[in-house]
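S.K.: One structure coming up, written as structure tokens, with questions to follow.
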Amino acid sequence: MCLYEYDDDPEPEEPVPAGPLYVPVRPGGVGVAVRMFRTPLGTHTAVAFTSRERLAATLGTDQPWVRLSGPVLRAMTRPLGMRLLTVDPTFTAAQVAAAPAASRTSSPDGRRAARTA
């Protein structure tokens, strides 16, 4: 397995399960939008699951989803620069929360002020 991607590399042929997959979505302007993710190395990827149970185990039971086939999902995400489709990922990190307002204050000289509690 190569960790680097070059412009002249052929398109990888990844085995994708036959049939519709469970694809996580988020609310969009008119309907829903397919959620995009990043791999641990920072590459953008589309994500799909082979069952609702696997989707819920990874992203939670409240995660909305739609059913799409692998080729349709690839066709939808390719114009966005997505070349990778990850099926049944098992690890996710918690969403990064915004820093509390008190910790974002700066001192008069422009440096971040120390937070006292």
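The values are calculated or read from the model by the stated rules, or taken from the named source; none is laboratory data. None of these values were measured; they are calculated from a predicted model. We place every Cβ from the backbone using ideal geometry, glycine too, and count neighbours over all the protein chains shown.
S.K.: In the range 62-90, what residues are hydrophobic (A, V, I, L, M, F, W, C) and either closer than 12 Å to Met36 by Cα or at pLDDT below 90 (or both)?
M.R.: The answer is Leu73, Met76, Leu80, Met82, Leu84, Leu85.
S.K.: Determine which single condition Thr43 fails, assuming it passes every other condition in (1) modelled with pLDDT under 90; (2) under 14 Å from Pro20 (Cβ atoms); (3) of a type in the set (Ser, Thr, Tyr).
M.R.: (2)
S.K.: Which residues, counting only those in the range 52-76, are more than 19 Å from Ala18 (Cβ to Cβ) and touching a residue at least 40 places away in the same chain (Cβ under 8 Å)?
M.R.: Listed by number, the list holds a single entry, Pro64.
S.K.: On to the next question. Do you know which residues across the range 38-59 are more than 14 Å from Arg74 (Cα to Cα), out of contact with any Asp or Glu (no Cβ under 8 Å at 6 or more places or on another chain) and of a type outside the set (S, T, N, Q)?
M.R.: Arg38, Pro40, Leu41, Gly42, Arg52, Glu53, Leu55, Ala56, Ala57, Leu59
S.K.: For the range 19-65, give me every one of the strands (runs of 3 or more DSSP E) that falls completely inside it and has 2 or more residues that are in contact with a Ser or Thr (Cβ under 8 Å, 6 or more places away or on another chain) and either among the aromatic types (Phe, Trp, Tyr) or surrounded by 15 or more Cβ atoms within 10 Å (Cβ to Cβ) (or both).
M.R.: By residue number, 21-27, 36-38, 44-48.
S.K.: Hey, among the residues in the range 73-89 that are in contact with a strand residue (DSSP E or B) (Cβ under 9 Å, 6 or more places away or on another chain) and assigned to a helix (DSSP H, G or I), which one's surrounded by the fewest Cβ atoms within 10 Å (Cβ to Cβ)?
M.R.: It comes out as Leu80.
S.K.: Just the residues that are aromatic (Phe, Trp, Tyr) and in contact with a helix residue (DSSP H, G or I) (Cβ under 7 Å, 6 or more places away or on another chain), please, taken from the range 33-78.
M.R.: Of everything in the range 33-78, those that are aromatic (Phe, Trp, Tyr) and in contact with a helix residue (DSSP H, G or I) (Cβ under 7 Å, 6 or more places away or on another chain) turn out to be Phe49, Trp65.
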